[in-house]
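Single-structure report; data block below.
The values are calculated or read from the model by the stated rules, or taken from the named source; none is laboratory data. Just so we're clear, the structure is a prediction, and the values are computed from it rather than from any experiment. Every residue, glycine as well, gets a Cβ built from its backbone with ideal geometry; the counts of neighbours run over all protein chains shown.
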Amino acid sequence: MASFSIPLSGLNSSSQELSLIANNLANINTPGYKAASANFSTLFYQNLGTSGNGDPMQVGTGAQLGSVTVDTTDGAPSATGVNSNAAIQGSGMFVVNDNGQQLYTRAGNFTVSNAGFLVTANGSLVQGYPAVNGVVNPNAPLGALQVGSGLTTPATATSNIQIGLNLNSQSAVGTSYSDPIQVYDSLGATHTLTATFTKTGTDAWSYAVTLPGADTGGTSPTTLASGSMNFDTSGNVIPPTPGSDTIALSSAALSNGAAALNINWNVLNGSGGSLVTQTASASAPLSSHQDGGATGNLLNFNIQSDGTIEGSFSNGQTKSLGQIALADFPNVQGLQGVGNNAFQATVGSGAPNVGVPGAGALGQLTGGSIEQSNVDIAAEFSTLIQAQNSYQASAKAVTAFNQMVQTTMTMQTGL
């Protein structure tokens, strides 16, 4: 007698494959989604004996869904222009914290929460290595990444200045020229230093760098440094201290409560070039630079290819806010989907290998983009037709078996 279980197993297997295909098509616009495909296997065989030459005579008892394979190839990156978005190109998954549970995802359509943290679309905290004073330690424990506009960078006292200017070699002895430069104290307040040069002879000038007296609680200017400055026959400055490119500037404690100023005045540019020159042209400033800054508020950030989140602050400074982490697995096929584009590790997947993008086998990031689904709609439609034909064939077998049963019953009734 025919066994209905065989075509029914085919119907069930084909139905499951149709569900996989439908899910692929439904997620064709889901960021980071990976297409899944069905793999079938046979059920056990019924032995009917052996043939005359000793070969076993077996009849199969149907098919089953043996496994589901996930296509882990990259989806195409799609630019969104949203600075919090990131697309992985290569191996790895983002690590997220969902109410204390560590999960993994390829969907990089991140946003910034009202608390200022980088989060997934469903609110899970994106994990990485938060920066401390602009420095990232990739050996530190994973943590949430704060990128909100409420972040500030502390004031930085000026520790180095460069004053680029030319002194007129044709000036008469006793001629003076002054050049101001703004610096910052430890509280982020500004102060104006004045460098005054007075010609004392051929290729020789004296200098004095002063600070307004009110800045230190006095009435007359405070001198931070003074001395002689000489120039060679090419107009290049000869450092006042042999073997040193800098002149030390220091003050008493400031009246606003900030620490005393301690600044290195660089007279050479680090490559041996003279910043202060003496040539036969008018005394004039050329350029100036100092490395201090006031307290700054975060204006914007962007995600680099190595996962570094670089913040731009209102004081002109750029600092790292943290670095996004990625995780890879010995067997990606062993991950278990839990919805919301997330997966959890299993015994089959193995323990995650966590690191920064670009390290080892981990892929890199494209900021301002998301990874599209890798579903191939043409291939899915082709597989859909095959699965539909398989389902119809199994249904036809059920009909044929039913007709056989009806014929047998009719024969028995006729008896």
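Consider Gly316 carefully, then state whether it is in the same structural domain as Asn133 (by TED's automatic domain parsing), modelled with pLDDT of 95 or more and in contact with a Gly (Cβ under 8 Å, 6 or more places away or on another chain).
Judged against the criteria, Gly316 is not a match.
How many residues are within 21 Å of Asn109 (Cβ to Cβ) and in a loop (DSSP other than H, G, I, E, B) if we restrict to the stretch 369-402?
Result for the stretch 369-402: 4.
Condition (residue is assigned to a helix (DSSP H, G or I) and at pLDDT 90 or above) applied to the stretch 241-258: is it met by at least one residue?
Looking through the stretch 241-258, none of the residues is assigned to a helix (DSSP H, G or I) and at pLDDT 90 or above.
Would you pick out the residues in the stretch 210-239 that are in a loop (DSSP other than H, G, I, E, B) and without any contact (Cβ under 8 Å) to a residue 40 or more places away in the chain?
Answer for the stretch 210-239, where residues must be in a loop (DSSP other than H, G, I, E, B) and without any contact (Cβ under 8 Å) to a residue 40 or more places away in the chain: Pro212, Gly217, Gly218, Thr219, Ser220, Pro221, Asp232, Thr233, Ser234, Pro239.
Taking Asn341 as the residue in question, decide whether it is under 21 Å from the mean Cα position of the chain (by Cα) and buried (at least 20 other Cβ atoms within 10 Å of the Cβ).
Yes: the conditions hold for Asn341.
If a residue counts only when it is farther than 30 Å from Asn300 by Cβ, which strands (runs of 3 or more DSSP E) contained entirely in the stretch 8-112 have at least 1 such residues?
Where strands (runs of 3 or more DSSP E) fall fully within the stretch 8-112 and carry at least 1 residues being farther than 30 Å from Asn300 by Cβ, they are 36-42, 45-50, 56-60, 63-70, 101-105.
Being farther than 21 Å from Ser251 by Cβ and assigned by TED's automatic domain parsing to the domain that holds Gly213 is true for just one of Gly201, Gly188. Which residue is that?
Gly201
Please work out if Thr30 is in contact (Cβ under 8 Å) with a residue 40 or more places away in the chain, under 21 Å from Ala342 (Cβ atoms), assigned by TED's automatic domain parsing to the domain that holds Ala393 and surrounded by 12 or more Cβ atoms within 10 Å (Cβ to Cβ).
Here the answer is yes, as Thr30 does meet what is asked.
Gly92 - would you say it is surrounded by 12 or more Cβ atoms within 10 Å (Cβ to Cβ), touching a residue at least 40 places away in the same chain (Cβ under 8 Å) and not aliphatic (A, V, I, L, M)?
Here the answer is yes, as Gly92 does meet what is asked.
So which residues in the stretch 217-237 are surrounded by 13 or more Cβ atoms within 10 Å (Cβ to Cβ) and at pLDDT below 90, if there are any at all?
Gly218
I'd like the full set of residues that are farther than 16 Å from Gly92 by Cα and surrounded by fewer than 14 Cβ atoms within 10 Å (Cβ to Cβ), limited to the stretch 360-392.
Ile377, Ala378, Phe381, Ser382, Ile385, Gln386, Asn389, Gln392
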